[in-house]
Amino acid sequence: MIDFDIDEILKKSLEVSYNLRDPIFSKMDVEYSSFFMRPKSYFKVLTATAQLYPEAHFLELGTFTGASALAYAYGKPETTIETCDIKDARRFVGDDFEGMNFTMTDCRDHVWKTKPDVLFLDITHNGEDERITMANLERQGFLDGVLMFFDDIVINDEMKKFWAEVKAENKRDITEYGHYDGFGVGIYE
């Protein structure tokens, strides 16, 4: 189990900078690339996590464009990213990224082969699917000691309830590093 230091990750994220000409960003649209350039962004938090903990296995649930997975990969280019979405991720940009292992499956009941060390949860934002997914991962014994990032924790009342229910050590609302829909982190107990 990795001894994650959330304060160190947040501090390191303030030092992260990107070269948007890097091939890893070649398919990203302008809307998302602008998020990478902000002084504080959850993309930088993910990149910093990869830089500080290169041995960590990263699992992204809720791919959409793949920008979060690409941010993690930027910090650890030799990595394999495991990412999954519930429905067709039409805007997915990671098709040509050699280390991207994308699975189109229902992550609410998928059986994972490898326990993640870092989990990024950004699925349907209805609260219930997030609960079901967390319960599935817990049944598989995949949550103990996992550094978890939660996107859109204040986007609606159901996500606010879900966030309140999350049982994590050092759980924090770090929206200032995310965006107005909320961003949270914690180490699952």
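The values are calculated or read from the model by the stated rules, or taken from the named source; none is laboratory data. Only a predicted model underlies this, so the values are computations on that prediction, with no experimental measurement involved. Cβ coordinates were reconstructed from backbone atoms using ideal geometry, including for glycine residues, and neighbour counts include every protein chain displayed.
Computed quantities for the displayed model
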quantity	calculated
Helices (runs of 4 or more DSSP H) lying entirely in region 2-53 (those with 2 or more residues that are surrounded by 15 or more Cβ atoms within 10 Å (Cβ to Cβ), at pLDDT 80 or above and among the hydroxyl-bearing types (Ser, Thr, Tyr))	42-52
Subset of region 50-60 [of a type outside the set (Phe, Trp, Tyr), touching a helix residue (DSSP H, G or I) at 6+ places or on another chain (Cβ under 6 Å) and under 21 Å from His125 (Cα atoms)]	Glu60
Ile187 being modelled with pLDDT of 95 or more, surrounded by 13 or more Cβ atoms within 10 Å (Cβ to Cβ) and assigned to a strand (DSSP E or B)	yes
Close pairs (7 angstrom Cβ cut-off, 6 or more residues apart or separate chains): closer than 17 Å to Pro54 by Cβ in region 1-18, among the aliphatic types (A, V, I, L, M) and in a loop (DSSP other than H, G, I, E, B) anywhere	Ile2/Ala56
Failed condition for Asp181, given (1) in contact with a strand residue (DSSP E or B) (Cβ under 8 Å, 6 or more places away or on another chain); (2) buried (at least 18 other Cβ atoms within 10 Å of the Cβ); (3) at pLDDT 90 or above; (4) not in a strand (DSSP E or B)	(2)
Residue selected from region 106-123 under the condition crowded, with 17+ Cβ neighbours inside 10 Å and of a type in the set (Val, Ile, Thr), by the criterion modelled with the lowest pLDDT	Ile123
Flag for Phe102 being assigned to a strand (DSSP E or B) and either crowded, with 16+ Cβ neighbours inside 10 Å or modelled with pLDDT of 95 or more (or both)	yes
